[in-house]
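So the structure is just underneath, and the comments pick up after that.
The values are calculated or read from the model by the stated rules, or taken from the named source; none is laboratory data. Since the structure is predicted, the reported quantities are computational estimates derived from the model, not experimental observations. For neighbour counting, all protein chains shown are included, and Cβ atoms are generated from backbone atoms with ideal geometry for every residue, glycine included. Side chains are part of the model used for accessible areas, which takes the heavy atoms of the whole protein and leaves out ligands, DNA and RNA. Shrake-Rupley method; radii C 1.70, N 1.55, O 1.52, S 1.80 Å.
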Amino acid sequence: MYDLKPFLEYVKEVNPGEEKFHQAVKEVFGDIIPYIKDKPEYENAAILERLSEPDRMIRFRVTWQDDDKNIHVNRAWRVQFNNSIGPYKGGLRFHPTVNEDVLKFLGFEQIFKNALTNLPIGGAKGGSDFDPKGKSDDEIFRFCKNLMMELHRYIGDDTDIPAGDIGVGKREISYLFGQYKKLTNRFTGTITGKDIDFGGSLIRTEATGYGLIYFVSNMLEEKNEVLKGKKVLISGSGNVAIYACEKAIELGAKVITLSDSDGMIYDKEGVDEEKLAFVKELKEVRRGRIREYAEEFDCEYREGENPWSVKCDIALPCATENEISDEDAQKLLDNGVKLVAEGANMPCMDKASQLFRKSDIQYAPGKASNAGGVAVSGLEIAQNKIRLQWTAERVDDKLREIMKDIHDQCKNYGTNGEDSIDYVKGANIAGFEKVANAMLAFGPI
Ligand code: GLU
């Protein structure tokens, strides 16, 4: 019978040193192993061994020239993890911390997240250790172009559909898509997150952040609560943070923090529409630092700090993995946080996540609460296939429906006792069921 401890030892042995990947596997299989204890068919088919081994990993060199004509070499990867329920799907991340460990943890998480959307998409992730910070548009263009020279061989609208992630936004997606189109001489929906003028979906930019807030509203509803009047901490100031903030404000919440890798702003008055417009321009156009918000609107800026020591009702980590340590989690709990929902992928360290799960607060894992982005990517694929563009209202309604459905799957599989929902367990089991059953149906391939 599967047993978590020896299974994790096996995972560590075959993937030495990949700590984030081990963390992600532990978090998912910690719930799956008890669930399949009376279902020997999964073990007989070695489903967990197969699920924790990517179908394929492609690694390649990207050579590019900077504006001073110096030549640089970076590594890039595509991890095609599992395509049991649809073509590989997941973002590309450009960040100096990217390596095989990070991409395997992200690709693994993506399998279950994508399954939860109920759309036909498998799990993948990719990216490069290239650092876009401080690079000119020309440099970014040359890097994207040369990356696609290699990547285009492995992707396709029925094979593998990349999108954005940290460091890959509208500009990068446009360069990547333009190059893909040129190399293949085909206009297909092989990349999502495209501009609406050339095959993108309305609401895709907002989708992860909006979806997160729809999910939070569904969670609050379970407690007969609403967002209006709640004090909210948001970390990050990228795409997820910005649109989570926008929707939270629209629903009457008070968002009092935002952050970046240098520090955080604490705005006691709350971020409003005008201030958020400033953040959008700062981060999406000028690519500046969040400290400028504090200078512009005369609020507190804490260099080198994260938001988690501020008293709040709701905390939404929307920056990056492992941004909440166990001390941070304890501080949030001591300060009376009622709900934590992850906008980033695996933002809670293992112990932080365990603390939240043991407490009586509501706690949602990223694979459920941040699935709105990839869900609208799935809708973008559908629109590209039929060569139509749906209205913003239609996409937004579908996003709401999908988030509600993910919430209800978590509830179905994660209800403990009368009224407490373990969202982590629910999301893990609901995602696993679909993918594992497809794998069983295919036989041992
Ligand atoms: N990078 C996003 C995620 O973590 C979106 C992926 C996509 O749209 O394919 O889910």
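Give me a count of the residues in the stretch 355-398 that are in contact (Cβ under 8 Å) with a residue 12 or more places away in the chain, under 24 Å from Leu220 (Cα atoms), away from the ligand (no atom under 16 Å from the Cβ) and part of a helix (DSSP H, G or I).
4
Which condition does Ile155 not pass, out of (1) open to solvent by 10 Å² or more (accessible area, probe 1.4 Å); (2) under 20 Å from the mean Cα position of the chain (by Cα); (3) within 15 Å of the ligand (Cβ to nearest atom), if it passes all the others?
Just one mismatch for Ile155, condition (2).
Can you report the number of residues in the stretch 399-434 which are surrounded by fewer than 19 Cβ atoms within 10 Å (Cβ to Cβ) and assigned to a helix (DSSP H, G or I)?
Here the count works out to 9.
If a residue must be within 15 Å of Val340 (Cα to Cα) and assigned to a loop (DSSP other than H, G, I, E, B), how many such residues does the stretch 237-258 contain?
Of the residues in the stretch 237-258, 1 are within 15 Å of Val340 (Cα to Cα) and assigned to a loop (DSSP other than H, G, I, E, B).
Results for (1) modelled with pLDDT of 95 or more; (2) more than 23 Å from Tyr42 (Cα to Cα), shown as yes or no for each residue.
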{"residue": "Asn345", "(1), (2)": "yes, yes"}
{"residue": "Ile386", "(1), (2)": "yes, yes"}
{"residue": "Asp396", "(1), (2)": "yes, yes"}
{"residue": "Asp405", "(1), (2)": "yes, yes"}
{"residue": "Asp408", "(1), (2)": "yes, yes"}
{"residue": "Gly417", "(1), (2)": "no, yes"}
{"residue": "Val424", "(1), (2)": "yes, no"}
{"residue": "Leu440", "(1), (2)": "yes, no"}
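Can you spot a residue in the stretch 400-413 that is within 16 Å of the ligand (Cβ to nearest atom) and out of contact with any Ser or Thr (no Cβ under 6 Å at 6 or more places or on another chain)?
Yes: the stretch 400-413 contains one or more residues that are within 16 Å of the ligand (Cβ to nearest atom) and out of contact with any Ser or Thr (no Cβ under 6 Å at 6 or more places or on another chain).
Kindly establish whether Ala341 is farther than 14 Å from Gln110 by Cα, among the aliphatic types (A, V, I, L, M), open to solvent by less than 20 Å² (accessible area, probe 1.4 Å) and within 16 Å of the ligand (Cβ to nearest atom).
Against the criterion (farther than 14 Å from Gln110 by Cα, among the aliphatic types (A, V, I, L, M), open to solvent by less than 20 Å² (accessible area, probe 1.4 Å) and within 16 Å of the ligand (Cβ to nearest atom)), Ala341 qualifies.
Limited to the stretch 81-102, what total is found for residues that are in contact (Cβ under 8 Å) with a residue 40 or more places away in the chain, within 20 Å of Phe432 (Cα to Cα) and within 13 Å of the ligand (Cβ to nearest atom)?
Residues that pass the stated criteria total 5.
Scan the stretch 60-82 residue by residue and report those that are within 25 Å of the chain's Cα centre (by Cα), closer than 27 Å to Asn239 by Cα and not β-branched (Val, Ile, Thr).
Asn74, Arg75, Ala76, Trp77, Arg78, Gln80, Phe81, Asn82
Among Tyr243, Tyr266, which is crowded, with 20+ Cβ neighbours inside 10 Å and aromatic (Phe, Trp, Tyr)?
Tyr243
Any residue in the stretch 18-36 that is of a type in the set (A, V, I, L, M, F, W, C) sitting within a Cβ distance under 8 Å of a residue that is open to solvent by 40 Å² or more (accessible area, probe 1.4 Å)? List the pairs, counting only those 6 or more apart or interchain.
Correct list of pairs: Phe29/Leu4; Ile33/Asp3; Ile33/Leu4; Ile36/Glu43.
Scan the stretch 269-322 for residues that are surrounded by fewer than 16 Cβ atoms within 10 Å (Cβ to Cβ) and assigned to a strand (DSSP E or B) and jot them down.
Matches in the stretch 269-322: Glu300, Glu303.
Would you pick out the residues in the stretch 215-225 that are in contact with a helix residue (DSSP H, G or I) (Cβ under 6 Å, 6 or more places away or on another chain) and open to solvent by 10 Å² or more (accessible area, probe 1.4 Å)?
Passing the criteria: only Asn218.
Could you list, in sequence order, the residues of the stretch 185-228 that are assigned to a loop (DSSP other than H, G, I, E, B) and away from the ligand (no atom under 16 Å from the Cβ)?
Asn185, Arg186, Phe187, Lys223, Asn224, Glu225, Val226, Leu227, Lys228
Sort through Gly127, Gly107 and tell me the only one that's in contact (Cβ under 8 Å) with a residue 24 or more places away in the chain and on the phi > 0 side of the Ramachandran plot.
Of Gly127, Gly107, the one residue that is in contact (Cβ under 8 Å) with a residue 24 or more places away in the chain and on the phi > 0 side of the Ramachandran plot is Gly127.
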